[in-house]
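Step one of this worksheet: look at the structure below.
The values are calculated or read from the model by the stated rules, or taken from the named source; none is laboratory data. All values derive from a computational prediction rather than experimental measurement. Every residue, glycine as well, gets a Cβ built from its backbone with ideal geometry; the counts of neighbours run over all protein chains shown.
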Amino acid sequence: MEFPEAILFDLDGVLLDTEPLLAYAWNETAKEYNHYLSNDNLLQLKGRRRRDCAKKVCKWINKENSIEELLITQKLKVDKQLSKAKPFKGAIDLIKFCINTKLPIALVTSSSSQSFKIKSSSNSWLNLFETKILGDDKFISAGKPSPDPYLRALKILDVNPFKTWVIEDSYAGSVSGLRAGCNLIFFSKDNEILNKLINEFNQEKIQKINELSEIIYYLKLYKGF
């Protein structure tokens, strides 16, 4: 991969350690309907917009006409959890490094405006992002894994997708970024998803990391800082 023209960041599971909180909330919601979500179910929800998740859950619990009801139930569960969200190690340093070196960045998340407000209330550093593409952005017709969210960010920043890095942890988010033409920095220990992505896309466009600090290392290496 070349030195990037810009870096586009996912939020949940990349900058904030919210995935366990979200999984807990969805599972507690399913329990209200006497169902339990499997690990495979929960993996399918990662990276997607809340309403898209609700559609899947309704299908699994045989309540396909109850999306609005499910969303209300899930909101009561999840709002209590999101204020507990903590940043991953190295997240704040990485964002500040990009800003200090004038490397364009954007936040591209499936989180709604309301959800982002709750998360950022205890993580004010998230407001360092001048460009934020949220899940309820009126200019996005479809959420991840559609490329629409990342295409919107690319348009706003006016950068070349082939020279842009996307940092993602989920299958849906990774597919979204790759379909938009970007290079993927896969921040996850899930090798099953990684192998699936490599089989479906160009391996040269995918790089795996275990820590966010690795990105700072790579950027310094490219520029000789």
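Here is how the numbers come out for the structure above:
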| item | result |
| --- | --- |
| Any hit, region 93-103, residues being of a type outside the set (D, E, K, R), at pLDDT below 90, closer than 30 Å to Lys155 by Cβ and in contact with a Pro (Cβ under 8 Å, 6 or more places away or on another chain) | no |
| Inter-residue pairs, beta-carbon under 7 Å, first under 14 Å from Ser170 (Cβ atoms) and in region 32-46, second part of a loop (DSSP other than H, G, I, E, B), 6+ apart | Lys46/Gly13; Lys46/Ser170 |
| Scope region 6-29; condition more than 30 Å from Thr101 (Cβ to Cβ), surrounded by 23 or more Cβ atoms within 10 Å (Cβ to Cβ) and among the aliphatic types (A, V, I, L, M); matching residues | Leu22 |
| Subset of region 203-223 that is surrounded by fewer than 11 Cβ atoms within 10 Å (Cβ to Cβ) and more than 19 Å from Ile95 (Cα to Cα) - its residue that is modelled with the highest pLDDT | Glu204 |
| Looking only at region 51-86, and only at residues there that are buried (at least 18 other Cβ atoms within 10 Å of the Cβ) and within 23 Å of Trp125 (Cβ to Cβ), the one that is farthest from the chain's Cα centre (by Cα) | Val78 |
| Only one of Leu82, Leu134 that is in contact with a Lys or Arg (Cβ under 7 Å, 6 or more places away or on another chain) and among the aliphatic types (A, V, I, L, M) | Leu82 |
| Residues (part of a strand (DSSP E or B), of a type outside the set (Val, Ile, Thr) and within 15 Å of Asp10 (Cα to Cα)) located in region 179-207 | Asn183, Leu184, Phe186, Phe187 |
| Residue in region 162-170 that is under 15 Å from Glu5 (Cβ atoms) and surrounded by fewer than 17 Cβ atoms within 10 Å (Cβ to Cβ) present | yes |
| Of the criteria (1) in contact with a Cys (Cβ under 9 Å, 6 or more places away or on another chain); (2) within 12 Å of Thr18 (Cβ to Cβ); (3) polar (S, T, N, Q), which one Ser83 fails | (1) |
| Where a residue in region 1-25 is outside any helix (DSSP H, G or I) and its partner, wherever it lies, is crowded, with 21+ Cβ neighbours inside 10 Å and of a type in the set (S, T, N, Q), with Cβ under 6 Å and at least six apart | Met1/Asn183; Pro4/Thr164; Glu5/Thr164; Ala6/Thr164; Leu11/Thr109; Leu11/Ser111; Asp12/Thr18 |
| Qualifying position, being modelled with pLDDT of 95 or more and in a loop (DSSP other than H, G, I, E, B), among Lys155, Lys144 | Lys144 |
| Close pairs (7 angstrom Cβ cut-off, 6 or more residues apart or separate chains): without any contact (Cβ under 8 Å) to a residue 60 or more places away in the chain in region 202-225, assigned to a strand (DSSP E or B) and surrounded by 15 or more Cβ atoms within 10 Å (Cβ to Cβ) anywhere | Ile206/Leu184; Ile206/Phe186; Lys208/Phe186; Ile209/Ile185; Ile209/Phe187 |
| Any hit, region 101-112, residues being loosely packed, with under 14 Cβ neighbours inside 10 Å and either in contact (Cβ under 8 Å) with a residue 24 or more places away in the chain or not in a loop (DSSP other than H, G, I, E, B) (or both) | yes |
| Qualifying residue in region 208-220 (condition: among the hydroxyl-bearing types (Ser, Thr, Tyr) and closer than 21 Å to Ser115 by Cα) | no |
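Let's see how each residue does on (1) in the same structural domain as Ile92 (by TED's automatic domain parsing); (2) in contact (Cβ under 8 Å) with a residue 24 or more places away in the chain; (3) under 18 Å from Ala106 (Cα atoms):
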{"residue": "Asp136", "(1), (2), (3)": "yes, yes, yes"}
{"residue": "Ser141", "(1), (2), (3)": "yes, no, no"}
{"residue": "Leu154", "(1), (2), (3)": "yes, yes, yes"}
{"residue": "Asp158", "(1), (2), (3)": "yes, no, yes"}
{"residue": "Gly177", "(1), (2), (3)": "yes, yes, yes"}
{"residue": "Ala180", "(1), (2), (3)": "yes, yes, yes"}
{"residue": "Asn199", "(1), (2), (3)": "yes, no, no"}
